């Protein structure tokens with residue numbers, strides 16, 4: 001399941017009421033606004049790692065990762081943690097995909113840090129360049145037939161991913177993700193799409 005909201009663009013002659021927006025889009029926006037206003041402290045990280053220690057009690061390698069997060073979380077940038085091969089990436093995107101509010105709140109410190117880190121890097125990319133400068137990144141994505149049909153119907157609409165989306169400037173990286181996805185979910189449509 002992919003958590004994508006489709007927001008139809010509004011022409012000046014055809015105003016659309018806000019109450020017709022996709023509900024998952026609205027819930028995600030509200031949750032994001034709330035999480036970005038909380039002043040997270042070290043005890044929030046401690047509560048999260050305690051939760052993870054209980055959840056992952058039978059997985060020794062992931063328990064080592066929990067310990068690593070406890071010791072080193074502030075020593076590394078959030079994007080590093082997001083791409084680090086441990087439970088964090090899948091737990092975060094899984095909870096955002098299906099809106100597991102309790103887990104999203106537990107991970108709020110990380111969501112806030114990651115969002116701020118991405119915003120900082122985004123701002124740094126365009127220092128000294130014009131706003132028309134752009135580059136292409138690629139994303140490999142598996143979609144159910146229903147999601148694919150909705151995507152086709154929403155041509156010209158804005159897409160809002162209700163989770164963090166990993167991309168690469170290297171098309172081959174996205175192709176590897178598609179190949180791996182095909183092995184797992186043959187019933188899905190598998191797409192590569194550029195994002196500018």
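Just so it is clear, none of the values below were taken in a lab; they were calculated from the coordinates. Note that the structure is a prediction, hence the values are computed from the model and not measured. Using ideal geometry, Cβ is built from the backbone for each residue, glycine included, and neighbour counts are taken over all protein chains shown.
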Report, by residue number, each residue of segment 87-103 that is farther than 10 Å from residue 163 by Cβ and buried (at least 18 other Cβ atoms within 10 Å of the Cβ).
-> 87, 88, 91, 103
Checked segment 37-46 for anything part of a helix (DSSP H, G or I) and either exposed (fewer than 13 other Cβ atoms within 10 Å of the Cβ) or at positive phi (or both); matches are 37, 42, 43, 46
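Would it be correct to say that residue 53 is surrounded by 12 or more Cβ atoms within 10 Å (Cβ to Cβ), part of a helix (DSSP H, G or I) and out of contact with any strand residue (DSSP E or B) (no Cβ under 8 Å at 6 or more places or on another chain)?
The answer is yes for residue 53.
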Return yes when residue 89 is in a helix (DSSP H, G or I), without any contact (Cβ under 8 Å) to a residue 12 or more places away in the chain, under 13 Å from the mean Cα position of the chain (by Cα) and under 21 Å from residue 36 (Cα atoms) and no when it is not.
-> yes
Residue match in segment 110-130 (condition: in contact with a helix residue (DSSP H, G or I) (Cβ under 7 Å, 6 or more places away or on another chain), within 21 Å of residue 23 (Cα to Cα), in a helix (DSSP H, G or I) and in contact (Cβ under 8 Å) with a residue 12 or more places away in the chain) = yes
Check whether at least one residue in segment 67-75 is in contact with a helix residue (DSSP H, G or I) (Cβ under 9 Å, 6 or more places away or on another chain), surrounded by fewer than 14 Cβ atoms within 10 Å (Cβ to Cβ) and closer than 22 Å to residue 161 by Cα, and report yes or no.
-> no
